[in-house]
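The values are calculated or read from the model by the stated rules, or taken from the named source; none is laboratory data. Bear in mind the structure is a predicted one, so any value in this text is a computation, not a measurement. Note that each Cβ is placed from the backbone with ideal geometry, even for glycine, and that neighbours are counted across all protein chains shown. All accessible areas refer to the heavy atoms of the entire protein, side chains included, with ligands and DNA or RNA removed. Shrake-Rupley method; radii C 1.70, N 1.55, O 1.52, S 1.80 Å.
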Amino acid sequence: AEKPVFVHADLMKGVASDREGLLFLKEQVGFAGIVTTKPHLVKTARSVGLMCIQRTFLIDIQSLENALESIQKNPPDAVEFMPALASSAIGRIKSRIQIPLIMAGLVSCEGEIAAAFDAGADAVSMSRYDLWEEC
């Protein structure tokens, strides 16, 4: 569909998540970028010309603050916050970072998708195929 393809670097088997492994993914496989929970991989991916989405899990206010500080120090191309049901935090996140915000995880109905967009999310990621048509 001529869309950029991202690989979840944290789940890769057989290719190291280091500079050489990321160069291989870019040059030999043709991936546009990676998704990772590891801030150090953001910097490495960007240094080899890969786009990077940093995935962050919101557990409490401190995890949000830590994530925002990390993102501001080493900005990815986009950030994915999980779970998507944390739409009440979107305003706080958008006030501190100026990169696309993807909400993901535990999305189970159209109302949750709408709530994330209404709160200011730029995208919603989900694994339920039946909801893809709704977006």
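Numbers at a glance
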quantity: Inter-label distance for Phe117 and Val29, nm, one decimal - labels placed 7 Å from Cα along Cα-to-Cβ; calculated: 3.1 nm
quantity: Where trypsin sites (Lys or Arg not before Pro) in DSSP loops with at most 11 other Cβ within 10 Å are excluded, longest remaining stretch of the chain; calculated: 14-127
quantity: Cut-off 18 Å, label 7 Å out along Cα→Cβ of Ile61, residues of segment 71-102 by amide N; calculated: 86-96
quantity: Neighbourhood charge, 14 Å Cβ-Cβ cut-off, centred on Gln62 and excluding it, Lys, Arg +1 and Asp, Glu -1; calculated: -2
quantity: Carbon plus sulfur fraction of accessible area for the chain, probe 1.4 Å, in percent; calculated: 54 percent
quantity: Segment 8-122, relative contact order [Cα under 8 Å, separation at least 6], %; calculated: 19 percent
quantity: With Cα atoms, 0 to 90° folded angle of helix 110-119 axis to the chain main axis; calculated: 80 degrees
quantity: In segment 42-135, GluC sites (Glu not before Pro) in a DSSP loop with at most 11 other beta-carbon atoms within 10 Å; calculated: Glu133
quantity: Principal-axis tilt of helix 61-73 within the chain, Cα atoms, nearest 10 degrees; calculated: 40 degrees
quantity: Computed helical MRE - 222 nm, the chain, DSSP H runs ≥ 4 contributing -39500 (n - 2.57), nearest 500; calculated: -10000 deg cm²/dmol
quantity: Dipole moment magnitude, nearest 20 debye, the chain about Cα centre, only Lys, Arg, Asp, Glu C-beta charged; calculated: 580 debye
quantity: Under Karplus coefficients 6.51, -1.76 and 1.60, residue-wise ³J(HN,Hα) of segment 32-48 in Hz, glycine/proline x; calculated: 7, x, 10, 10, 8, 9, 9, x, 5, 6, 4, 4, 5, 4, 5, 5, 9
quantity: Tensor-based shape of segment 41-81 (alpha-carbon gyration tensor, a/c under 1.5 rounded, otherwise prolate or oblate); calculated: prolate
quantity: Solvent-accessible area per residue, Å², over the chain with all protein chains present [probe radius 1.4 Å]; calculated: 57 Å²
quantity: Cβ-derived FRET efficiency at R0 22 Å, Met12 paired with Glu69, nearest 0.05; calculated: 0.25
quantity: Column: log10 I(q)/I(0), Debye, Cα scatterers of the chain, q = 0.09, 0.16, 0.21, 0.22 Å⁻¹; calculated: -0.27, -0.83, -1.24, -1.30
quantity: Count of Lys pairs (Cα-Cα under 25 Å; at least 8 positions apart or interchain) in the chain; calculated: 15
